[in-house]
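A.B. asks: Mind having a look at this structure? Questions to follow.
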C-alpha cells in the first residue's frame, strides 16, 4: 500500500552503495580458483555470450572444476531445455515457485527473468516469486505448482493421491517425473546458491520488465 | 540458473491471458459497493492521482465505508510519512520484508516499487522481496529487519534482548516503537489483502526498474 | 490433572513478588514521555474511567503521540464497536483466538475478559484463550474462527475456497471483510504489544469470572 | 485492548448455551463403561471429594479400567506430590507451560487453577497459560520453563548444553530428571486429553481468581 | 543411492571409536545413584535377563528411585503387553512411528527391534523408523498410525473427525483410547530419553535383521 | 523401551505380506518404459553387478531415458566418489543426515547401509538415520552435519557465520562447496524418490549389520 509523496530523505539514500555492486565480480563467497575451461565448456560459454550477452554466474561458480561444471550443465540442459511434456515456461514456473519457497535470491532473480521473458508477461514472473497461489493460472499449471511446492516443503507426505491429482490434471507419468526432477533440481541449486551466497548477474534485474 | 536458448514454445505462451489482466478493475474478490467519497477523501484521491498518476487499489478497496477508509489513511500516513527516526526508505524496507514473510502479493508489488524508487536501486527492492538476509545492508538496517521479521514470524518470543539489540544498533525507544508499529501495520494489511485477494495496480510492476 | 493435597511449600511461595506487581505503572518496556492529551482524547479517557473504571493500558502506551493515539482509537472503535454483521461478542472471540495463536499476553488478558463479560460465560473466555477448537460453538462461529486463525497462521494460503466456506456459513462479503479486518487488527496489536512488553491492567484478571 | 461500551447485543448472547454445560457429565467423547472401583481407588476418590470437593474428571476418564487408573494415579502422585528438589508450584508451572504449548484445554484449566492456588497469585496462572516468556519469574524458574518447553516443542534438539544451562541455574541431576519427567508426563496427558476431548470439571474456572 | 566401489578410505575409518562404545555402561548423561532394587523389581530384572538376555537400559535409568521405576513398569506393561484390541505389533508400530516424529534415538532402536521381531519382517521396522507413510500397510494400520502421528505433531487439532476416521477403520472407543494412550506414553518417554541422552542397549542393533 | 515377553500374537503377524515384497520389481510408482542401455551405461550396470551384486534401483528408475541416466551417474559419481577433502564416509554421513530430515525411505535405506559399511560400525548408520545429534562424532563431523541439515531445513537463513563455523572446524572453501553440493544433491534425489515412491533394493536391509 503505497501512497503519495515519497520525496523526502532521498538524497541520503542516493549515497547508499548499490545493492548489486559486486555481484558480477564476486560470484560467491568462496575463494575457488577457476580451472582452465575445457574446449567443450569454452564453446558453451561462448554460446552463452552470443545468445544471452553474458555467462550466467552459476556457470562461473562451478568453473573451478570442469567435471562438476560439465555434470551441472548436462543435467541442467536436459531438464530445462530438452523435449518434454512440460513447456519451457512451465519448467521455469516450477523453478521460480520452488525457489520462492526456499527464498533463494540467485534463482529467483535468474529464473524470475526467464518467466517474464518466456511468457512475455512480467507480472507472471512477479507472481511466481511472491506467491504462486495468487496467480490466475490454468488448473493444469496450478496442479503442477502445488505438487512441486509440496514436494519442496514436505517431501515426506507426498503420496499416491498427489500423483493422482497430477494425472487428473492431464499429466502423464513421464510428465510427473519431469515435474519432480525440475523441482528436485532447484531444491539442489537453491541450496548450493544459499550455501555459497551466489549472486545473480545484475543484468537480469531489468530484463523483460 | 538460466542459460541460452529460451526460444521454443513461445508462440503458445503469447496467447496466455496476461497475469494482471483485471487487476485494475477487480480490486478484491469481495463485492462491496463504494460509498460516496467524503470531501476529505475525495481530495486525498485527487492528490494521489496528481502525485502518483493513480489511486492505489488498497484505497479503492476500503472505499465501501468512509469511516474505515479514513481510519486506514490516517494510520498509514502517520506511520509511513510522518517524521520519525526511521527514514521513509527504512519504513518501506520493513514493509517489504514483513510482506515477504507473509507472501502478500499486493504489498510486495506496491511497496517493492517504493523501495526501488526511494532507494534509486532496483536490486534492493528485489532483495527485500526475495530474501532480505541476502542484502548487503548496514548493521543498523539488518538489526531493524531482523527485529521486524522475528516479530512477524514468532511475536511470542520477542523479548528484552531483542530490544537491546536494537538499542545497540543505535535505535531509540521511540524508533523501536516505530519499527514495531510499521511491522505490526503490515501484518494487518497483509492479512486484509490475502483475505480479500486484493490486487495491486498493474502500473507498479514496471516502476523504477 | 490436579488432585488432592497442594498444601506443602506454600509459605515459600507466598513470599513471591506478585506477577502483576508493576503492570499498572510500567505499561511498556519503552521509555516514551506522554504528550499532553488533546481535548478529544482527554474526553475519551474520561469516558473510559467512567464506563470501565480505568483507562486501558494500551491507550496509555500510545499516549506519547496524539496522532498515533487518535488513529488507533479511531480504527479500534470502528472495528470493534461500530455496527457490523458480526456481533460484538463475535468480534471479541476473533480477537482472542487470534491473540492465542500469537500468544499475546496483553490482548489475551484484556479481550479474554471481554469475551467472559459479553457472553456472561466465563469458560467461553477460557476456551478462546486455550484452544478455540475445543469450544462447542455454532457452525457459524467455528467457520469464522477457523478463517481468522488460518489467516493469522498462514495468510499466504488463504484463497477463494476459504471465502466460500464463510459464505456457506452465512456470512456476507461485508462480513468477510469485517472478519479479516478484526483478525488483521489483532495481528497488528499483538505485535506492538509483544514488541514493547505491554502489560494489561491488573483489574482484568478478576473480571467476570 | 478493550474499551468502553460493551453493552449492545448482550441479550442475544445470554441465550447461548453455557460453554461448560456438559463438562461435568460427559468427561470424554468416548463411550467407555466405568469399572467398579477397587477399594484402593474408592478410597482415593473419597479423599479427592474430601480435600478438593470433587473427583477430577481425568480420574473418571481412566475409571473404565482399574489397572490403567492405578498406574496413572501412581505416576501422577509420585511426580507431582512426592518430595523433589522442585517445589509443587514449580512442577505445576511446568505442567501449565507444557500444556500451553500443546494447547490442551483440560490440563490448562485444571493446572492453571493449581498455579493460581499454590502461588496465591492469579496473574501467574494466566501468564503460564498465555505465554510464560512474559512472566517476570526468577532465572531459575525461567531456565526450568525454557527447558521444559523446548523439550516439548523439539525434543530432538535437546542436548548437553541444555542440561548445562539447568545446572548453571542451580539444578541438580536429580532435578533435571524431575523437570524432564514432569514435562514428559504432561506431553502424555495432553495427548490423551486431546485425543478423547477430555473436559475439565467446571469448578476449576472460578477457583483462586 | 549407493553405487560401486566404497573401498577407499576405510582404514582411516576403522580407527574411529565405535558409535555405541559406552552405551551399555553410561545409560544416561545424568549421574543418579541406583537405589537397591525392591524384591518385586529384582524379580522383574531377573525375568528380563532370562527372557531377553539383558535388562533394558530404560529400566536401569529409572532404577535410582524404586517408586518411579515401579510406576513406569506398571504403566508400560499395561499399555504394551496387557490384552487390548490392538495387537502387540500394532502397539509397537505406534511406538516407533511416534518416536520417529520425535527423532528419539533410544526408542527407535529398542522398539524398531521389537517391530522387526514381532513382525518377522525387518523392512517393516525400517519403514516405521524412516517414514511410516512409505509402508504398504493395511487401511486399519494406516488410520491408526496417522492418528498417532497427528496426535504427536499437533495434538491441538485432533478433533471428532479424527476419531470418526478411526471408527470408520474398525476401531472401537476402547481401541481409540489405547491408540491415544500408547502414542501419549511414547511422547512422554521420548522426552525423558532425549532430556537425559538415554542410550539403548547395543544388542538391539543386530536383533532380527 | 522394550521389555520381556513379545511372544503372543505372532502367528497372526507372520501371515502379513512382507514389507519389501515388490521392491525389487516395482522400483517406482510410475510406468516408464526402460530405454535400451547405451554401451557406456551397460558397462556401468555390469560393473555394479560385479562389485555390489546388484544394480541399485535408482539407476533402474532413471533408465527410461539415457540422457537423464548418464547425467545422474556423472553427477553422483563425481560428488560421492571423486577425490575431495571429505572422506567417502563423511559424504555418506551427509547423505543420510539430509535424507533423515526429508524422511526419504529410499535414500535412508541405501545410504544408511553405506555408512554402516564404510564405517564398519552399524550403530553409526542408525544414528545418522534416527538423529545425528545423538551421535558422538568429532567436532569436525558435527559442524559438517549441522551445516548440511540447516541447509536442508532452512536454506534461506544460511549465511556467512555458518560458513565461518565450517572454516573454524578446519574445512577449506572447496570443502564447503563439497558439503553444500552433497547436501544439495540429496535434497534433489530425496524429492525425486518421494515423488515417485522409489523403493530400495531389498538386499540393503541386511547389509553390514
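Read the figures in this text as sums done on the coordinates, not as results from a lab. The structure displayed is predicted, hence computed values, not measured ones. Cβ coordinates were reconstructed from backbone atoms using ideal geometry, including for glycine residues, and neighbour counts include every protein chain displayed.
A.B. asks: Return the single residue from D:30, D:52, D:81 with maximal mean-square fluctuation; model: Gaussian network over chain D, springs between Cα atoms under 10 Å.
C.D. replies: Its mean-square fluctuation being the largest, the pick is D:52.
A.B. asks: Then there is this: What shape does segment A:90-209 have by the C-alpha gyration tensor, where a ≥ b ≥ c are the square roots of the eigenvalues, rounded means a/c under 1.5, and otherwise prolate means a/b greater than b/c and oblate the rest?
C.D. replies: oblate
A.B. asks: May I pose another question? Considering just Cα atoms, how many Å³ per residue does the convex hull of the protein assembly as shown enclose?
C.D. replies: Spelled out: Cα convex hull of the protein assembly as shown, divided by residues, is 170 Å³.
A.B. asks: How far is residue B:82 from itself in the other copies, in nm, if each label sits 7 Å out from Cα along the Cα-Cβ line, shortest first?
C.D. replies: Label-point distances to the other copies, shortest first: 1.9, 6.1, 6.1, 6.2, 6.5 nm.
A.B. asks: Calculate the spin-label point distance for residue D:67 paired with residue F:138, positioning each point 7 Å from the Cα along the beta-carbon direction, and give it in nanometres.
C.D. replies: 5.1
A.B. asks: How many nanometers, to one decimal and shortest first, lie between the label point of residue D:67 and those of its other copies, if labels sit 7 Å from Cα toward Cβ?
C.D. replies: So the distances to the same position in the other copies read 2.5, 6.1, 6.5, 6.5, 7.3 nm.
A.B. asks: Kindly give Rg over Rh for segment B:66-113, based on alpha-carbon atoms, with the Kirkwood expression for the hydrodynamic radius.
C.D. replies: Looking at segment B:66-113, the ratio lands at 1.01.
A.B. asks: Taking a ≥ b ≥ c as the square roots of the eigenvalues of the Cα gyration tensor of chain C, is the shape rounded (a/c under 1.5), prolate (a/b larger than b/c) or oblate?
C.D. replies: Judged from the Cα gyration tensor, chain C comes out oblate (a/c at least 1.5, b/c at or above a/b).
A.B. asks: If each label sits 7 angstrom from Cα along the C-beta direction, how far apart, in nm, is residue B:47 from its counterparts in the other copies?
C.D. replies: 2.6, 5.8, 7.4, 7.4, 8.3
A.B. asks: At 222 nm, what value in deg cm²/dmol follows for chain C if DSSP H runs of at least 4 each add -39500 (n - 2.57) and the sum is divided by all its residues, to the nearest 500?
C.D. replies: -19000 deg cm²/dmol
A.B. asks: Smallest Cβ-to-axis distance in chain C, for the rotation taking C to A: which residue, how many Å?
C.D. replies: C:154, 8
A.B. asks: Shifting gears a bit: What is the distance in Å between the Cα centres of segment F:132-209 and segment E:53-132?
C.D. replies: Taking the Cα centre of segment E:53-132 as reference, the centre of segment F:132-209 is 29 Å away.
A.B. asks: Give me D:138, C:119, C:99, F:70 ranked fewest to most by other Cβ atoms within 10 Å of their Cβ, as a rough exposure proxy.
C.D. replies: Result, fewest neighbours first: D:138, F:70, C:119, C:99.
A.B. asks: Shape verdict for segment D:14-119, please, from the Cα gyration tensor: rounded (a/c under 1.5), prolate (a/b greater than b/c) or oblate.
C.D. replies: oblate
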